[in-house]
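The values are calculated or read from the model by the stated rules, or taken from the named source; none is laboratory data. These figures come from a predicted structure and were not determined experimentally. Note that we place each Cβ from the backbone using ideal geometry, even for glycine, and neighbour counts take in every protein chain shown.
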Amino acid sequence: MSEETKHTHQIVGPKVYVIILFALLIGTALTVWASFIELGPWNPVIALAIATGKAVLVVLFFMQVKYSSKLTKLTVGAGIFTLLALISMTLSDYISRAWGRW
Amino acid sequence: MSHISPTIWQFLVKWMTNFALFPPEASKIAPQMDALYFFIALVSLIGLTIVILLVVSFSILYSKERHPNAVQIEGSTLLEATWTIIPLGLFLVMFVWGALIYFRVYTPPANAMNIYVVGKQWMWKAEHEGGQHEINSLHVPTGRAVQLTMISQDVFHSFSIPAFRVKREAIPGRYTTVWFEATLPGTYHLFCTQYCGTNHSQMIGDVVVLSPEDFKQWLASSTSGASLAQDGERLFASLSCAACHNTRPDARGPSLANVYGAKLTLTSGQAITADDAYLREAILNPSQHITQGYAPIMPTYQGQVSEEGVIALVEYIKHLDSDYRVQQTTTTTDLLPEGGGKATPAGPAPAAAGKVNP
Amino acid sequence: MPDSSAIDHGAVTTAGDAHAEHPSYQRHHFETVEQQADASAFAMWLFLLTEVMFFGGLFTAYLIYRNWYYPAFVSASHQLNVVWGTLNTVVLILSSFTMAMGVWCAETRRRRGLVLCLTLTMTLGLVFLGIKTVEYKEKIEKHHVPGQHYSLQSFLDPAHDEAALAAGDKPLALDMARHTEIYFSLYFAMTGMHALHMIIGIGILAFMIFRARAGAYTGGHVTFVENFGFYWHFVDLVWIYLFALLYLISRHQ
Amino acid sequence: MNYLTKENGLLSWLLTGDHKRIAILYLISITFFFFIGGALAGLIRLELLTPQSDLMATDTYNKVFTMHGVIMIFLFLVPSVPATLGNFFIPMMLGAKDLALPRINLLSWYLYVLGGILVIYTMVSGGVDTGWTFTTPLSTHYVNTNVLSTGMAVFIAGFSSIFTGLNFIVTIHKMRAPGMTWFRMPLFVWAHYAASILMVLGTPVLAIAVVLLALERTIGIGVFDPVKGGDPLLFQHLFWFYSHPAVYIMILPGMGVISEVISTFSRKRVFGYTAVAFSSVAIAVFGFFVWAHHMFIMGISNYAVLVFSLLTMLVAVPSAIKIFNWTFTLYKGSITFETPMLYAFGFMGLFTIGGMTGVFLGTSGTDIHLTETYFIVAHFHFVMVGGMLMAFLAGIHFWWPKMTGRMYPEKISQMAAVVTFIGFNLTFFPQFILGTLGMPRRYAAYPPEFQILNVFSTAGATILGVGYLLPVLYLVWSLKYGEIAGDNPWQATGLEWQTQSPPLTENFTELPIMDHEAYDYEWLENQKTKEVASAG
Ligand code: HEA
Ligand code: HEA
Ligand code: CUA
Ligand SMILES: [Cu+2]
């Protein structure tokens, strides 16, 4: 067994969970509210930003990544990286199609 | 030689007469592409030779009999850097060179003669501006840039002319283009190279390259009576496009004269050049791009016009350079390349390669 | 194999006394319980990576078509009920919370707490699916399910459609209206895949509740509960994005 | 007593958790599918003997090459090395008793079998004729063959592959014996680690693409349908997002085998261990960014072509590094030429050709002419058959003594290796020329001037078929009549050789400790002298 497998298991208590729960509920309220006001191109940006904020909370606390080993963090990072690779490289085709006549 | 078995003999004869390692170079781009091909082939050959030479000589020099005790070596950063950087450099040269050729093949010159190609299971239909229709064949002149504007009616097809070293997929829903300039008169293979179902291997034909004079003659002799633009004009009338697109001041749609090639501003503020693809979209998906100052009232014609019909309409709009000349459209030959000879009477087509599109 | 045993095993030095007494749940091929717990948590994370990429394909498709057919996506999204959607988001967040609490109960060996939390989680999961069913039913009735019976009525003639009227939709041109079908395809594909994950999760929850009552996870071996927690939170996470992307494209006008 | 004899009866195999037994189950099943795929290849070559489509109707031909591709890729090459040799030896090389998740491992095999059964069902119920690439809208709206069952088979086999990869990653991270640091792992393990990353992250995208394809075909959801405003190229993007990385899933494990074999038979540590290890990982990472080189002429944006072509060039470099590092492993070695080494030499030459022709295709300019022709067919058979299949055979011969306890017959197997090499070149080299001349792929009938080269190719395939039948015969023969192998017939350094052949169910009698670098032949010598001393 090597370093990264050291099980640094920390028990996260209900207090944290309650705080996160409320943060998530507030986030939900915010995002619904934001979608009803006209912000032009910022609407989707804000919606995604709030969603990502909520997702980060879920991942860090509910899924305890904040308290996990480096390996777990790396794994999560790898997932996000590949997902972004898929999305950005595919979109690169679609976006640049409009630039030329092809 | 008679003691050789006749089968083998026949086979040999056939081989000698047919054997070619390389296709003919019949377009302007072909030698350029072949130069790159041979460059990569050379690099590969050298690389392969190095690998084989090393493997063979090490195998001989350090075989167990000769060299019973191996010498343990960690590695060598210098050597490894060498065989990282040299291949990388060579690959980058190939990339740049290849990209240049790629862009050349898919960027038609402005003065290219346009031929429309429609692919469908399992045939190629080509439509010349002068209204000549062909099926599974394509006649082109030498010495003139020819642009193909292609679309498929159903699945992906791919228009391939090995002798020209060009190929482009004809895909459903969108125009694609490719261009070439033929240099060598002759008849060459035309293949569909994208797998498209049962008779994919029968979706083949001939590309006939003619000298400019012969080509002119061919054009004249294969006319179907009406130019593509005239077909379009007829469609324009029967679909009553002119109800909105006319030059009256209260017209509900924009004037289409000179719209081709113009830079338009859309309601989204985006600027867009009205090319073939744009015209097609404007007819089939009008609400996708709304021109500034107009309401999104134009109905879609999807499902009402065939791809050939759309092509005719596009061709018609392309040639609208002043006003709507509904009854005074030029005769076929006016649309021929380089002014094209005398006006031929618009009669029944003598030897049209294809049939007129309904 | 006769001659083998003696020769080579000396070649590898041994790690001393690795065979102390093992708890019953330790599988034979692991050296320690910790190794086992670590391995299965890591495996769960890797599995979630595959889930990320699985949904990733759908999100890619969504982003492309949303950019292409924005007006269609806006009008189509107005057909979804934000109230139901928000409610469901809250339900799912709550269930995530109860799940997290369940894991905590297991870790701190509270059997009754665990059973309660798991039951709550499952109930909330069922509520979510119930609301989803109501929403689906509405779509079916309005012929908004892609396919042969797909109807453009709500988009061509919003004046006679409650939801569209409420959102202040203008009629779409026919060609744009047709593209709403792509929106609903993605809607059903994405929420359907999500619901499928919920259903699987609820099945596992039922199994876990059954076992938890017998005290299965409160004796120190909590891996299964923890791993299931990861899964459940992940499903919640997907919904957070689905909600933002499908329901809230544009609610102002 | 060993893993083969510990328990008996069919059930003890079908319910086993032992990675070695599962590996054997896989070996049998992929061999079965290889010969089905090979028989279909035989049909292809027979049909192409003459220019007309005379042996079978065109749509039969289309079904034959589709089934050939689907079987060879999803049921043979993707699981070939990982699920057999990887499954068997990764735990042993790491000094572990088993993979981390034995039950998931068995589940993988059952999923594989289920996928295989679905493919067979597809074949007997009329086949499918979309090509292994399932191009939309052909596959969704225009063919009326069994696309759905094939899609389901691919989906299920995909999950089998995901679970295998997942299992390997967990095992490599969590199950290493004491002292087995990352840089003491055999390169075989590194290669599998890289391939596993691709399996875990790439395959799900194929799964969702197939799901959408199925929905498109059954309901007509419109996501890939140009008539409804969808983009058929999106399917291509999703498909190749998996299927390009998949080609590295198909080659990396083979590269791992070659590292082991070359080191063992030149009795020398691999030249530049770290560079080879990292190049595996580099291939895996860059492998995710090049997929659109399969779509250069399909109407993607020209700017995207630029990006993907550049990245393709970058991903080719690590492979070149590996080839040269292997070559220099021979330098000052002490080389012997047993069968695995012959296959490894074959691999080096053929993979270099195959890889360099890949560079022809990655170069956007030349790809225009060469794409969709036999040049591509030759390219991928060089890397897949000349590369991976050769590596697979090298590995099977190399580890056969360990797996079965018996030696294969050396002379005849060396001969088979040579026959394979000759047959292979005769089969596939002419196809490069055919492709350059412009012969399109997936053609049941072709212009007569291409016949001669096709005759060569068919003749070669016959030789090749013999070359593949021979190993099956003599390997089966050796199970009973082969020489007893002993623990370490090659004097190799891996931990798997330091235990009995065939191994015990728990692999090692005692937990090993790794106290030396990988490929440490001096350590091996010392062990031997120590044993002699202690015995004397
Ligand atoms: C095992 C499988 C495998 C592997 C490893 C590869 C490896 C590579 N492939 Fe291949 N490929 C396929 C399987 C594989 N391919 C398949 C199945 C298809 C067709 C799919 C279909 O359409 O049905 C395909 C198609 C394909 C295409 C698409 C063509 C088209 O459709 O138009 C392209 C284009 O870029 C490509 C490129 C490459 C490249 C650049 C590599 C590189 O990774 C190769 C790197 C290796 C080397 C470069 C060799 C080492 C070099 C040296 C030792 C010499 C160096 C010396 C000097 C330069 C001096 N491949
Ligand atoms: C692992 C992958 C793999 C392997 C090993 C092979 C192996 C072979 N392939 Fe394969 N091939 C593909 C993957 C593979 N192929 C793919 C992905 C395609 C693309 C499909 C598509 O376009 O969709 C393809 C397409 C393809 C074509 C192009 C078809 C076309 O485009 O029209 C050809 C043509 O020659 C061909 C030939 C061969 C040959 C001769 C072998 C030989 O190496 C096979 C040798 C083996 C044998 C000959 C078996 C020996 C045993 C027997 C003969 C006994 C059988 C007896 C009984 C069953 C009773 N293959
Ligand atoms: Cu059309 Cu192939
Ligand atoms: Cu590729």
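Assorted remarks:
- Among residues of the stretch D:40-73, those that are among the charged types (D, E, K, R) and without any contact (Cβ under 8 Å) to a residue 40 or more places away in the chain, counted: 1
- Contacts under 9 angstrom Cβ, first residue in the stretch B:184-197 being more than 7 Å from chain D (Cβ to nearest Cβ), partner part of a strand (DSSP E or B) and within 13 Å of ligand 2 (Cβ to nearest atom), 6 or more apart: B:Cys192/D:Pro440
- Condition check for D:Thr274 on (1) under 22 Å from B:Thr82 (Cα atoms); (2) within 16 Å of ligand 2 (Cβ to nearest atom); (3) within 12 Å of another protein chain (Cβ to nearest Cβ): one failure, at (2).
- Residues (within 16 Å of ligand 3 (Cβ to nearest atom), surrounded by fewer than 21 Cβ atoms within 10 Å (Cβ to Cβ) and on the phi < 0 side of the Ramachandran plot) located in the stretch B:126-142: B:Ile135, B:Ser137
- Consider the stretch D:50-92 and keep the residues that are near ligand 2 (Cβ under 10 Å from one of its atoms), polar (S, T, N, Q) and farther than 30 Å from D:Ile172 by Cβ. The one that is farthest from the chain's Cα centre (by Cα) is D:Asn62.
- Selection from the stretch D:273-326 of residues that are aromatic (Phe, Trp, Tyr) and closer than 20 Å to B:Leu100 by Cβ: D:Phe296, D:Tyr303, D:Phe308
Condition check ((1) more than 30 Å from D:Ala209 (Cβ to Cβ); (2) within 14 Å of ligand 1 (Cβ to nearest atom)) across all residues:
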{"residue": "D:Ala246", "(1), (2)": "no, yes"}
{"residue": "D:Met250", "(1), (2)": "no, yes"}
{"residue": "D:Thr264", "(1), (2)": "yes, no"}
{"residue": "D:Val270", "(1), (2)": "yes, no"}
{"residue": "D:Val281", "(1), (2)": "no, no"}
{"residue": "D:His293", "(1), (2)": "no, yes"}
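- Hits in the stretch D:248-278 (condition: among the polar types (S, T, N, Q) and out of contact with any strand residue (DSSP E or B) (no Cβ under 9 Å at 6 or more places or on another chain)): D:Ser259, D:Ser263, D:Thr264, D:Thr274
- Evaluating B:Met150 against the criteria (1) out of contact with any helix residue (DSSP H, G or I) (no Cβ under 7 Å at 6 or more places or on another chain); (2) within 16 Å of ligand 2 (Cβ to nearest atom) leaves one unmet condition, (2).
- Test for C:Phe97: is it within 12 Å of chain D (Cβ to nearest Cβ) and of a type in the set (A, V, I, L, M, F, W, C): no
- Criterion: within 41 Å of the chain's Cα centre (by Cα), at the interface with chain D (Cβ under 7 Å from one of its Cβ atoms) and of a type in the set (Ser, Thr, Tyr) - qualifying residue of B:Tyr62, B:Tyr37: B:Tyr37
- Odd one out for D:Ser309 among (1) touching a residue at least 12 places away in the same chain (Cβ under 8 Å); (2) part of a helix (DSSP H, G or I); (3) more than 24 Å from D:Phe278 (Cα to Cα): (3)
- Restricted to the stretch D:5-110, the set of helices (runs of 4 or more DSSP H) holding at least 2 residues that are within 16 Å of ligand 3 (Cβ to nearest atom) and either within 26 Å of B:Cys196 (Cα to Cα) or within 14 Å of chain C (Cβ to nearest Cβ) (or both) comprises D:58-70.
- Of all residues in the stretch B:229-250, none are within 16 Å of ligand 3 (Cβ to nearest atom) and buried (at least 18 other Cβ atoms within 10 Å of the Cβ).
- The stretch D:318-417 holds helices (runs of 4 or more DSSP H) entirely within its bounds, and those carrying 2 or more residues that are within 14 Å of ligand 2 (Cβ to nearest atom) and modelled with pLDDT of 95 or more map to D:339-362, D:374-381, D:390-404.
- For the stretch D:214-235, the set of residues classified as more than 14 Å from chain B (Cβ to nearest Cβ) and aliphatic (A, V, I, L, M) consists of D:Ala214, D:Leu215, D:Ile219, D:Ile221, listed by residue number.
- Search result, residues across the stretch B:206-218 that are within 20 Å of the chain's Cα centre (by Cα), over 10 Å from B:Pro185 (Cβ atoms) and either among the hydroxyl-bearing types (Ser, Thr, Tyr) or crowded, with 18+ Cβ neighbours inside 10 Å (or both): B:Val207
- Every listed requirement among (1) under 28 Å from C:Val238 (Cα atoms); (2) in contact with a Pro (Cβ under 8 Å, 6 or more places away or on another chain); (3) in contact (Cβ under 8 Å) with a residue 24 or more places away in the chain is met by C:Leu186 save one, (2).
- Every test in (1) in contact (Cβ under 8 Å) with a residue 60 or more places away in the chain; (2) within 11 Å of chain C (Cβ to nearest Cβ) is passed by D:Ile162 save one, and that test is (1).
- Listed by first and then second residue, the pairs linking a residue in the stretch D:422-443 that is within 10 Å of chain B (Cβ to nearest Cβ) and farther than 18 Å from D:Phe65 by Cα to a residue that is within 16 Å of ligand 3 (Cβ to nearest atom) and β-branched (Val, Ile, Thr), with Cβ atoms under 8 Å apart and 6 or more places separating them unless they lie on different chains, are D:Thr436/D:Thr373; D:Gly438/D:Thr373.
- Among (1) surrounded by fewer than 24 Cβ atoms within 10 Å (Cβ to Cβ); (2) away from ligand 4 (no atom under 16 Å from the Cβ); (3) in a helix (DSSP H, G or I); (4) not polar (S, T, N, Q), the one test that D:Leu314 misses: (2)
- Scan of the stretch B:196-219 for residues that are farther than 24 Å from D:Thr133 by Cβ and in contact with a helix residue (DSSP H, G or I) (Cβ under 7 Å, 6 or more places away or on another chain), ordered by number: B:Leu210
- Just one of the numbered conditions (1) closer than 20 Å to B:Gly130 by Cβ; (2) modelled with pLDDT under 85 is not true of B:Ile311: (2).
- Test result for D:Pro448, out of contact with any helix residue (DSSP H, G or I) (no Cβ under 7 Å at 6 or more places or on another chain), more than 8 Å from ligand 2 (Cβ to nearest atom) and either within 14 Å of chain B (Cβ to nearest Cβ) or polar (S, T, N, Q) (or both): yes
- Filter pass, D:Ile300 being β-branched (Val, Ile, Thr), in contact with a Pro (Cβ under 8 Å, 6 or more places away or on another chain) and either outside any helix (DSSP H, G or I) or within 12 Å of ligand 1 (Cβ to nearest atom) (or both): no
- Among the residues listed as D:Glu531, D:Glu525, D:Glu496, the single one being within 14 Å of chain C (Cβ to nearest Cβ), modelled with pLDDT of 90 or more and assigned to a helix (DSSP H, G or I): D:Glu496
- Checking each residue in the stretch D:343-401 for being within 11 Å of chain B (Cβ to nearest Cβ), among the aliphatic types (A, V, I, L, M) and either in contact with a Pro (Cβ under 8 Å, 6 or more places away or on another chain) or under 30 Å from D:Ser478 (Cα atoms) (or both) picks out D:Ala344, D:Met348, D:Leu350.
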